[in-house]
1. Does any residue in the range 37-53 that is closer than 18 Å to Ala166 by Cβ and in contact (Cβ under 8 Å) with a residue 40 or more places away in the chain come within less than 7 Å, Cβ to Cβ, of a residue that is among the polar types (S, T, N, Q) and not in a loop (DSSP other than H, G, I, E, B) six or more places away or on a different chain, and which pairs are these?
2. Which ones in the range 102-135 are modelled with pLDDT of 80 or more and over 30 Å from Ala167 (Cα atoms)?
3. With (1) modelled with pLDDT of 90 or more; (2) surrounded by 12 or more Cβ atoms within 10 Å (Cβ to Cβ); (3) part of a helix (DSSP H, G or I); (4) of a type in the set (A, V, I, L, M, F, W, C) as the list, and Val71 as the residue in question, which single condition is left unmet?
4. Among the residues of the range 202-218, count how many are at pLDDT below 95 and within 19 Å of Gly83 (Cα to Cα).
Amino acid sequence: MGRGVHFVMDRVAPPAVSPSEQAVFQWLAVTRRSVRVYERREVPRELTRALVDLAGRAPSNFNRQPWRFVVADTPAWCDAVNGLIRRAVERVEQSDTADELFHVLSHVKTWLYPLETSPVLVLAFYKPSPEYLDEQLSTILESGGVAHYNPNLLSLGMAIQNLLLAAHAHGLSACMHSGPLPFLRGQINRLLRLPPQLQLAGLISLGYPAETPKVPAHRDLDRTTTFLEGPVHDEWRAVHAPTEGE
């Protein structure tokens, strides 16, 4: 008989949510846009701190809160981060004599402008899996390599979404960039004196919007969502059956 592990948590009744509060969230989720053009206007640090604090209220795997945010909100530090990216891009461009990376580099240059004109840059790091529990579960369940099971990265993703929605709620706009990551990894931890196990997973530009992007195409819910209906297939029942030795 294996030892059971039980988590005892304080439970409180969830607060009632009014229709007006539901409407506010729906408005935030539906109208948020990835703005890439910002006003040349300073964002108060206290406001940025409040937004990052709201990001940290996101749920996380075992409440590990595996994220770390580094904020550049002065011209000197924003220039330092952007300079690092631009120099790396130029180095790759000079080495790509056969133009094999032409399309990649062309795409990269399109997001250099919003980064270089953003008054605030938020570098989002996380401590990746695998961890001991993840490895054990993967071995017992034969579910494949733990590299494909990365709940800490998912946790950071939820925190970043909190940040994007919070910025929108406060009259700012933010855009999550993944393109710069290959040009920053490998040296950003050393320069920021961060532990090597932290991995950069995103760079968020933040500022007061100077554009109103068009509403992007939205895929129909029926194309992205399936509700399970009808009887459970025999194949599923077979999975539930105990294996030999259990």
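The values are calculated or read from the model by the stated rules, or taken from the named source; none is laboratory data. This is a predicted model, so every value here is computed, not measured. Here Cβ is always computed from backbone atoms with ideal geometry, including for glycine, and neighbour counts include all displayed protein chains.
1. Tyr38/Thr117
2. His103
3. Condition not satisfied by Val71: (3).
4. Selection size over the range 202-218: 1.
One line per residue, one yes/no per condition, for (1) part of a helix (DSSP H, G or I); (2) out of contact with any strand residue (DSSP E or B) (no Cβ under 8 Å at 6 or more places or on another chain); (3) farther than 30 Å from Leu47 by Cα:
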| residue | (1), (2), (3) |
| --- | --- |
| Leu194 | no, no, no |
| Gln197 | no, yes, no |
| Gly202 | no, no, no |
| Ser205 | no, no, no |
| Glu211 | no, yes, no |
| Arg219 | no, yes, yes |
| Thr226 | no, yes, yes |
| Glu229 | no, yes, yes |
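Conditions (1) within 14 Å of Ser205 (Cα to Cα); (2) touching a residue at least 60 places away in the same chain (Cβ under 8 Å), marked per residue:
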| position | (1), (2) |
| --- | --- |
| Ser60 | no, yes |
| Asn63 | no, no |
| Trp67 | no, yes |
| Val71 | yes, no |
| Thr74 | yes, no |
| Ala88 | no, yes |
| Asp99 | no, no |
| Ser106 | no, no |
| Leu112 | yes, no |
